[in-house]
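Single-structure report; data block below.
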Amino acid sequence: MLSQKEKRIVQYLSQHRDRYVTSSELAGYLSCSDRTVRTYIKSILALSPQTVGAELISKQGYGYRFEVLDDQQFLDFVSDNALASTRESIDISDRHNYILNKLIFEQNKILFDDLMDQLYVSRSTLSADLKKIRRDLLKYDLSVESRSNRGIFVEGSEHDKRRFIMDYFFSGHFLKNLHQYVGDDFFNLPISFEELTIVVLDECRTADLKLSDFVIQNLVVHIALAIKRVKDGFDISPIDLDLEKGQTELVIARNILNRVQKITGIAFPESETNYIALHLIAKGVKQDRQNSPDKADLIRQDLLNVLEKFDSQYGYHFSSDFTLIEGLLVHLEVLEERLRNHVHLDNPLLEDITSHYADAFELTKDVLGQMPVFAAYQLSDDEIAYVALHIMAAIERHKEDHKLNVLVICATGYGSAQMLKNRINNELNHLLNVVDLIGYYDIDDDKLQGIDVIISSIDLSNLVFTVPVFTVSVFLKDDEVAEIKKKIVNLRPSASRMAKWDGALPLEQVFDQFFSEDYFQIVEGTDKAKLLESMVHQFNDDEAYVAAMLNLLEQREGMSTVIFDERIAVPHPIKAIDKTHRIGLAIVRDGLVWDETYSTIKLVFLVSPSTCGNDGLDLLTARIVALTEDPEWTERLIASPDFETFKQIFLEEKG
């Protein structure tokens, strides 16, 4: 893997493949010495072109240049090394939004190959993206065209483009993202975000000013703050505008605020008009940008480096939040320009943010404090609070996107079941999404699809599920709420539930209480019925017991599948009949056919819970679930030559 500095060098050289880049230029980009750059370059030169898909050319007196030998291989190399400023982490919906921004809102000339480079996707992936976008635009009589001299562009009338834009802004992610900036209730505005968006869109499109949706989003938020500033009696410091250069933007800003004044009755001072104009000048595609491209690159790189650091230290997901990154970049570029021009903004939300969102405020202060590009400036709490809005919105998005799907199970009684559901919604709505409410006998595979957590008013300890189960009263007491919050804090939706044991017993002791070499076997050339019968016999040779257990296993499987993945089965009885809990284990070297869907089962965990208690069983089943996410670990277990080796591998500490 490349170091952070090496990643930045590769990123910079890949973006400037059409020319040689000197070590002095790289040193300026990295804020380090020429000698340090040459040290990093030496490491990059040692990489094999066959592995990278590109060769780093060094030419004395000229500098360095990447010559790409294999586009796809180079893209793979970039993706594998997770280059900080690339867009390989953008999901498909964000890619589509990014492309639409380029084609519809900014209307830049853009070439197919340039778009591949910017998104770090293959030609086939980009072609598939454009095919989807073409289908979406067709409904508006718009088409995506490609010409050798114009690149990719959208063909159609301005009227049809506006129809598409209005739907784009008001039917999808845009307004959802806007409302996650704490919401207009927090701003307490006499006008909605929707109305503000329409005003901004109308005036900018009429004046032929092309702005991306992230710029418009920021502008709407800042106009909302301007309204609150004026309402609460805050002043903005005077701004010196280049009137000759900013005439168009000044007219747009004045028109926007005039329309807002008609709706709200609030009169805006000229300083607010000038500030909106400054925002438009900084981001308008038709105008020369105040920030040089190098400055914009520097802000992006500083921001991504800090966000990655905070993700690794504190477990955030900021560096993969496309909306946060693009929104912050828009804000920070304007902020840097405002700071250079000594323009100060009071923030009417400062007290509310520092009182009610202190964690987000302090986090934002840390982020900005670690960005070298702002080291020369003294950032006020007002400015930090503006940026904190972006962090707060990202946290809200993360909460919404990472809610766990919960299945609520009750015995009987619709009224009591609804009471439990309502209590869950009232107490845990920010963490859980109630998917369904069912009775005990309605449990089946379909009901369990996509479920992350089960909350039940009846004891389900005799059943084994691939997700955590919480037994609660229908009144969902406060201590039960606290216990659920404590246990689910590290869970992720439909994935990675690698539980770490935090109880009193060591993991090995729990293993020894359930597993035994007496219940272990390695077999080949068997079938499901023979194997289960053999495993049950290992528990107890009594024929009545064997018949009863096999019947209970069949009943449980009739309720829902016991297959955890294509190689792992965890059969268990529908109710406990043993006084001592135990888990039988069979390794099937050549695999066996379990049912019509699964024909290569190689690990069979036969779980027999106890009628007296099963402390630690949840830990072991969580660990079995973790096997489904680690194929290499599973393969090593399947290859175990004996019980002791299996135990050693099973108990390995996982990160």
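Considering only residues of region 122-158 that are buried (at least 17 other Cβ atoms within 10 Å of the Cβ) and among the small types (Gly, Ala, Ser), which is farthest from the chain's Cα centre (by Cα)? By that ranking, first place goes to GLY156. Looking only at residues of region 486-529 that are under 35 Å from the mean Cα position of the chain (by Cα) and aromatic (Phe, Trp, Tyr), we find that the one that is modelled with the highest pLDDT is PHE511. Only one residue in LEU69, LEU103, LEU130, LEU111 is farther than 22 Å from SER319 by Cβ, at pLDDT 80 or above, in the same structural domain as GLN50 (by TED's automatic domain parsing) and not hydroxyl-bearing (Ser, Thr, Tyr), so which one is that? So the residue among LEU69, LEU103, LEU130, LEU111 that is farther than 22 Å from SER319 by Cβ, at pLDDT 80 or above, in the same structural domain as GLN50 (by TED's automatic domain parsing) and not hydroxyl-bearing (Ser, Thr, Tyr) is LEU69.
Residues checked against (1) more than 37 Å from the chain's Cα centre (by Cα); (2) in contact (Cβ under 8 Å) with a residue 60 or more places away in the chain:
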residue: ALA547; (1), (2): yes, no
residue: ASN551; (1), (2): yes, no
residue: ARG582; (1), (2): yes, yes
residue: ALA586; (1), (2): yes, yes
residue: GLU596; (1), (2): no, no
residue: THR600; (1), (2): no, no
residue: SER610; (1), (2): yes, no
residue: ASP615; (1), (2): no, yes
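Restricting region 523-532 to residues that are touching a helix residue (DSSP H, G or I) at 6+ places or on another chain (Cβ under 9 Å) and either buried (at least 17 other Cβ atoms within 10 Å of the Cβ) or in contact (Cβ under 8 Å) with a residue 24 or more places away in the chain (or both), the residue that is farthest from TYR440 (Cα to Cα) is VAL523. Taking region 435-477 as the range and being modelled with pLDDT of 85 or more and not in a loop (DSSP other than H, G, I, E, B) as the test, the residues that pass are VAL453, ILE454, ILE455, SER456, VAL469, PHE470, THR471. Which of the numbered conditions does GLU483 fail, given that it passes all the others? Conditions: (1) at pLDDT 85 or above; (2) touching an Asp or Glu at 6+ places or on another chain (Cβ under 9 Å). So the condition that GLU483 fails would be (2). Scan region 557-580 residue by residue and report those that are in a loop (DSSP other than H, G, I, E, B), small (Gly, Ala, Ser) and under 39 Å from the mean Cα position of the chain (by Cα). Residue satisfying the conditions is SER560 alone. Any residue at all in region 596-618 that's among the aliphatic types (A, V, I, L, M), within 21 Å of GLN449 (Cα to Cα) and not assigned by TED's automatic domain parsing to the domain that holds ILE451? Yes: region 596-618 contains one or more residues that are among the aliphatic types (A, V, I, L, M), within 21 Å of GLN449 (Cα to Cα) and not assigned by TED's automatic domain parsing to the domain that holds ILE451. Give me the residue from region 296-324 that is free of Cβ contacts under 8 Å to residues at least 24 places away in the same chain and in a helix (DSSP H, G or I) and, out of that set, surrounded by the most Cβ atoms within 10 Å (Cβ to Cβ). Looking at residues that are free of Cβ contacts under 8 Å to residues at least 24 places away in the same chain and in a helix (DSSP H, G or I), I get ASP311.
Considering region 621-640, and only residues there that are in contact (Cβ under 8 Å) with a residue 40 or more places away in the chain and outside any helix (DSSP H, G or I), the residue that is surrounded by the fewest Cβ atoms within 10 Å (Cβ to Cβ) turns out to be GLU629.
Of the residues making up region 22-54, those that are surrounded by 15 or more Cβ atoms within 10 Å (Cβ to Cβ), of a type in the set (Gly, Ala, Ser) and under 22 Å from LEU69 (Cβ atoms) are GLY53, ALA54. Residues of region 536-570 that are among the charged types (D, E, K, R) and touching a helix residue (DSSP H, G or I) at 6+ places or on another chain (Cβ under 7 Å): ARG567 alone. Take ILE395 and decide whether it is at pLDDT 90 or above, of a type in the set (A, V, I, L, M) and either part of a helix (DSSP H, G or I) or not assigned by TED's automatic domain parsing to the domain that holds LEU328 (or both). Against the criterion (at pLDDT 90 or above, of a type in the set (A, V, I, L, M) and either part of a helix (DSSP H, G or I) or not assigned by TED's automatic domain parsing to the domain that holds LEU328 (or both)), ILE395 does not qualify.
The values are calculated or read from the model by the stated rules, or taken from the named source; none is laboratory data. What you see is a predicted model; the values in this text were computed from it and never measured. Note that we place each Cβ from the backbone using ideal geometry, even for glycine, and neighbour counts take in every protein chain shown.
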